[in-house]
Amino acid sequence: MQQHHFTRRTFLAFVGAVITAITTASESMAIAQKRLCNGIDISWLPEVELAGGQFYNRAGIKTDAIKLLKFSGVNVGRIRVFVHPQSGNGDLKRAVALAKRLKSHGLEICIDLHYSDTWADPSNQAPPSEWPKEINDLEKQVFSYTEKTLKAFTKVGITPQWVQLGNEIAGGFLWPIGKISTGEANEWRNFVRLHNSATRALRKTLPKAKSIVHLECGGDFQRVRWWLTQTVEYGLSECDVIGLSYYSQWHGSLDALGKTMNVITTEFIKPVLIVETAYPWTALRFGNDVIDVDRAALPGLAFTPSGQSKYVASIEKLLRQQPGNRGVGLWWWEGMAQQVLTPQGDVAWNGGMANSALVDVQGKALPALAALNGA
């Protein structure tokens, strides 16, 4: 066995090398915290404004809704699109008009494609009524529809920065062909074919836009882990961001949300975005309330304006804890959807989010809106 002799010089050089390695590793881990990219879904804004809804900043000065978002520090406006909607809700022409308003105020745009004539969610993923019923033809239809819809924006000079290919699709989309109910191989192959077709159209039309895969199970880390594992096995095209819905009444504690986020950012090394969330600023009932004040309460977060603002801060804290700055931001669902009353006090419009909007019943900005500045 050869003997090695450590001189003092050799020892000091060794120590220096170790210190340098440790310092380099520490510096690589100390990534500067970036600003969160927070946003709001504004799809109901035209209904609110048509019914007479008005908006005011914290000083009580009347202002345009989009201008208020920009002034508050919000980065993104999210707009849903249905294929053949029965009303203005989800209409493509209206979505383009909203996108123009966002662009004029310097906000980024997210297009939320539902691939349905109506709401797509965990219970409803009905394909458009006139679309093919066979997988090969449906795959082509998904491509052509995605391309045509996104071109409706680009041809008028709008380049969305974000595109959501399906809405809350942990159970698949375009049912029954694209439905996921088990780990059965054929289900996943069909879903992947359809979703990959949408991704190809997106990459062709908007190559720089970030693609979002939106899962509704923000409090279920085991389901998200299983789902993402399946997508790797069956070859789902690479997406840019995993989006989660998180509502406390359905998805549990903030700790549960944190576990789910950690699975995405640590095990699958993907950025995570809370693409939908909301929390009440009041315990008042307005009728047709989406957020149930009997079920939504979280410890220490009262249904008050300050409690709602603390809720925003709590989720932002979880996002900032993600490694590699992979916590993207949080987007509030229908934050401007106040209840609107007539001069006589009757309800002119109510979408069900009055208790959880980011403006009060008079349309005045609540503290949580300013908390969405992402700083």
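The table below gives the values:
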item: Meets criteria (small (Gly, Ala, Ser), more than 22 Å from Gln339 (Cα to Cα), out of contact with any helix residue (DSSP H, G or I) (no Cβ under 6 Å at 6 or more places or on another chain) and modelled with pLDDT of 95 or more) for Gly90; result: no
item: Per-region count, region 54-86, residues closer than 28 Å to Thr342 by Cα and part of a loop (DSSP other than H, G, I, E, B); result: 9
item: One residue from Arg320, Arg326 being under 17 Å from the mean Cα position of the chain (by Cα) and more than 30 Å from Phe143 (Cα to Cα); result: Arg320
item: Evaluation of Asp137 against (1) without any contact (Cβ under 8 Å) to a residue 60 or more places away in the chain; (2) of a type outside the set (A, V, I, L, M, F, W, C); (3) assigned to a loop (DSSP other than H, G, I, E, B) (one fails), failing number; result: (3)
item: Residues of region 300-349 that turn out to be surrounded by fewer than 17 Cβ atoms within 10 Å (Cβ to Cβ), in contact (Cβ under 8 Å) with a residue 12 or more places away in the chain and over 28 Å from Ile79 (Cβ atoms), as a count; result: 5
item: Tyr145 at positive phi and buried (at least 16 other Cβ atoms within 10 Å of the Cβ); result: no
item: Residue within region 109-127 that is in a helix (DSSP H, G or I) and surrounded by 21 or more Cβ atoms within 10 Å (Cβ to Cβ) present; result: no
item: Looking only at region 326-362, and only at residues there that are touching a Gly at 6+ places or on another chain (Cβ under 6 Å) and part of a loop (DSSP other than H, G, I, E, B), the one that is nearest to Ser248 (Cα to Cα); result: Ala357
item: Out of Ala201, Ala185, Ala170, sole residue that is farther than 19 Å from Gln125 by Cα and within 22 Å of the chain's Cα centre (by Cα); result: Ala201
item: Conditions (1) part of a strand (DSSP E or B); (2) surrounded by fewer than 17 Cβ atoms within 10 Å (Cβ to Cβ): number failed by Arg285; result: (1)
item: Unmet criterion (only one of (1) over 23 Å from Val241 (Cβ atoms); (2) in contact with a helix residue (DSSP H, G or I) (Cβ under 8 Å, 6 or more places away or on another chain); (3) loosely packed, with under 15 Cβ neighbours inside 10 Å) for Gly60; result: (2)
item: Flag for Lys103 being among the basic types (Lys, Arg) and within 21 Å of Val275 (Cα to Cα); result: yes
item: Residue match in region 206-214 (condition: in a helix (DSSP H, G or I), out of contact with any Phe, Trp or Tyr (no Cβ under 6 Å at 6 or more places or on another chain), at pLDDT 95 or above and closer than 26 Å to Val96 by Cβ); result: no
item: Subset of region 299-323 (residues that are among the β-branched types (Val, Ile, Thr) and either in contact with a helix residue (DSSP H, G or I) (Cβ under 7 Å, 6 or more places away or on another chain) or part of a helix (DSSP H, G or I) (or both)); result: Val312, Ile315
item: Residue in region 168-175 that is in contact with a Cys (Cβ under 7 Å, 6 or more places away or on another chain) and assigned to a loop (DSSP other than H, G, I, E, B) present; result: yes
item: Extreme residue, farthest from Gly335 (Cα to Cα), among residues of region 60-98 that are of a type in the set (A, V, I, L, M) and in contact with a Ser or Thr (Cβ under 9 Å, 6 or more places away or on another chain); result: Val83
item: Yes/no for Asp64 being at pLDDT 95 or above and farther than 21 Å from Asp121 by Cα; result: yes
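The values are calculated or read from the model by the stated rules, or taken from the named source; none is laboratory data. Every value quoted in this text rests on a predicted model; they were computed, and no experiment measured them. We place every Cβ from the backbone using ideal geometry, glycine too, and count neighbours over all the protein chains shown.
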